[in-house]
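Inspection log for the structure reproduced underneath, given as structure tokens.
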Amino acid sequence: MNINCLNLKLLYLFLQYYAMKNTFNYLLFSKMLLKSFFFSIALFSAARIVFIIRFGSMYSFIEYSSDILPMAIAGLRFDLQSIGYILFFIYLINFSLLFSSTVKLNNFIKKLSIIFISITLTLSTVILIADQQFYSFFKLHFNSVAFDFFNEDPKLLMKSMWQEHPVIPILVITVLLFFIIKYVIANIFHQTKLTISSTNLFFRIGIIIIFFGLYFLVVRGSVGTFPLQKEDAVVSENKFLNISVLNGLYTLEKAYAEKKREFNISSPENILNKNGYKNINEAFADYKGLPIDSLNNMSFNELAFSNSNINQSGKKYHVVYLIMESMSNHFLYFHNEKTNLLGRFERHYNEDIVFRNFQSAGNGTISSLEAIILNTPYRSLFETKYRFLSFDFSIAKPFKEFGYKTNFITGIPLSWRQLNEALPKQYFDYVCGKASILRNSSKAKTNNAWGVYDHCMLDYIYDELIKSDSAMFVLSLSSTNHTPYELPEDYIPYKIDSSIFNNPEFIIPKERAIEVLTAYQYSNDALGGFLDKVKSSKLAENTIVIITGDHNNRSVLAYNSNESMKLKYSVPLYMYIPQSIKENLFIDTKRWTSHNDIMTSIYPYILNGVEYLNLGQNIFDETKDLNEFYSINDAQILFEDSANENEIKKKVKARNAILKYYYSKQIYNIK
């Protein structure tokens, strides 16, 4: 009996020794991991400080000083969550020490931790830098547009990156950071000591449980009902302070998830349920502001499409719709006698209809192009199998049904974003790109970056209009005002007064700003040359010219105040409309509008007996008040301060539900 008790006691002492040894090593490595956490926080915090210095303004911190601490705390929460995921692998490896803790295993885990943490922290820092460079161009953190870069021509992409970003300094910084990080992490794992006076095993287990709980909270990011979400970044009325909360790792993960969700299209029924509608007619009732009873017996097509008989004569007008690359509305505020940013376009800009309270539908070329052509709420549709479907929502369909020749003309290669495959399915009779223009026009010249110069492309369009024996609808996309900038060798720039760069709104070096504004000026001047020819020819009385930008150029000017945010996604809308139509229009250029409203404002006055999609505003409608108009962009909705915000948001929500319902029905029907 005594021998058995002795054996049990010896076994107990052995297990206690084994457990004490293992828990000691586990806690030692946990302390090393905790120090690595603190060092990681320092790196992320430094990146945030650099971000604020680069893109912020004293206005944000003086006017909203009470929001600085909430911003810092929220930023720390997002950083902790990101770091928690980065170090999670080492945290799991550390758990093995609770079950086995040999010298050989300890040394292996130590070496593995040093290498793994050094590499992952370096890569994380590179992502933080890349996010800032992305923000410097788009004035947005990483989003799904970031992944669009991989769809570009690799040579052009590398050239653009070389010109737009300090590649060599970033590479040098990356290498230096790796050695600095490795040195710090190695010191943490080699020099850290642990002293625990208590020999109580349960005390140590308690510490382990607490550490596990804290790590779980760090990764979850919240002690509330919901884990940390993007909405938690909203800590201030000042948008820049809210933007400063997020880090590049978090936004990159969300961008990837957003990219994957783009074509995870719900069924029509789920879309209605998610938006709180029993049927699609309820959505139309909200959008049109009508009682549901008045729409109960109407079909989807009857509600989505309209038919105008204003054009009783049936006269057909050429319609030229020019989508100009990076045509910034913000830049126009710097145009004056000393800084000519319009060139020959200035006369037409002053003579004709221009809406400045205007936003692009999307914030990238392809997103705006698809929204204009198809009114699609889903981005990059042209790069999926659905590009081979024809959609009734196409901008070209009403023209085609009314007897127009429908054309898409661009100076870039048609292989870009599968335009050559997608557009013929969308009721375009003729799809013309760089190769076609060069083949059919001896005057056309190209640059080495994107394709045919804007002025050559516009000359080609003019020639096509002049020789056409029937009405034409031309949708066109320009490219010269896109980085890397390459202008015609014989282009003589207008004067740009360098003193404007003393304005604190400019956030890039003077030399680069001059290059950007000169390209912008060139593109506008080319438009002026095109309009000069149109107005002095037989086209003057039977041609409508619509000009707008695909998106703003957000890499040049700061957007860190609430007022400047209204211009962040803003492009102008210019319209030349023959007097025979213009004299019957109610024109109020203070109205808020966007790409979504252009054709619903043109179709009624030029078509007759043909249905057209009517899911936009008619900006010439004299029965509507200024407060009823709004501008929809992927990132924000703008309207008058005195407008009924809830009513406008209800309309926008309903419109989005209707569009998603339509595309869901089309796509589910082919499955």
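The values are calculated or read from the model by the stated rules, or taken from the named source; none is laboratory data. No experiment lies behind these values; they were computed from the predicted model shown. Positions of Cβ are generated from backbone atoms using ideal geometry, with glycine treated the same way; all protein chains shown enter the neighbour counts. The area values use the complete protein model at the heavy-atom level, side chains included, leaving out ligands, DNA and RNA. Shrake-Rupley method; radii C 1.70, N 1.55, O 1.52, S 1.80 Å.
Some points to look at:
- For I114: the one exception among (1) assigned to a helix (DSSP H, G or I); (2) open to solvent by 20 Å² or more (accessible area, probe 1.4 Å); (3) out of contact with any Leu (no Cβ under 9 Å at 6 or more places or on another chain): (2)
- Residue check: F284 meets all listed conditions (1) assigned to a helix (DSSP H, G or I); (2) within 27 Å of the chain's Cα centre (by Cα) but one, namely (2).
- Scope the range 538-568; condition buried (at least 17 other Cβ atoms within 10 Å of the Cβ) and over 27 Å from E351 (Cβ atoms); matching residues: R554, S555, V556, L557, A558, Y559, N560, S564, M565, K568
- Residue in the range 378-391 that is closer than 26 Å to I577 by Cβ, among the aliphatic types (A, V, I, L, M) and not in a strand (DSSP E or B) present: no
- Residues of the range 593-638 that turn out to be of a type outside the set (V, I, T) and within 21 Å of the chain's Cα centre (by Cα), as a count: 11
- N297 satisfies every condition listed in (1) of a type in the set (S, T, N, Q); (2) open to solvent by 30 Å² or more (accessible area, probe 1.4 Å); (3) touching a residue at least 60 places away in the same chain (Cβ under 8 Å) except (3).
- Residue match in the range 75-87 (condition: among the hydrophobic types (A, V, I, L, M, F, W, C) and more than 30 Å from K239 (Cβ to Cβ)): yes
- Filtering the range 203-243 to residues that are modelled with pLDDT of 85 or more, among the aromatic types (F, W, Y) and open to solvent by 30 Å² or more (accessible area, probe 1.4 Å) leaves only F216.
- Any hit, the range 377-389, residues being modelled with pLDDT of 95 or more and either of a type in the set (S, T, Y) or open to solvent by 20 Å² or more (accessible area, probe 1.4 Å) (or both): no
- Answer residue from the range 356-376, given it is small (G, A, S), modelled with pLDDT of 95 or more and not in a helix (DSSP H, G or I) and is surrounded by the fewest Cβ atoms within 10 Å (Cβ to Cβ) among those: G362
- Being closer than 28 Å to A396 by Cβ, of a type in the set (A, V, I, L, M) and free of Cβ contacts under 8 Å to residues at least 24 places away in the same chain is true of I637.
- Test: L419 is assigned to a helix (DSSP H, G or I), under 21 Å from the mean Cα position of the chain (by Cα) and without any contact (Cβ under 8 Å) to a residue 60 or more places away in the chain: yes
- For the residues T600, T623, the requirement of being open to solvent by less than 20 Å² (accessible area, probe 1.4 Å) and either at pLDDT 95 or above or basic (K, R) (or both) singles out T600.
- Test: residue in the range 461-475 that is among the polar types (S, T, N, Q) and surrounded by 19 or more Cβ atoms within 10 Å (Cβ to Cβ): no
- Within the range 78-109, being buried (at least 16 other Cβ atoms within 10 Å of the Cβ) and among the charged types (D, E, K, R) holds for one residue alone: D79.
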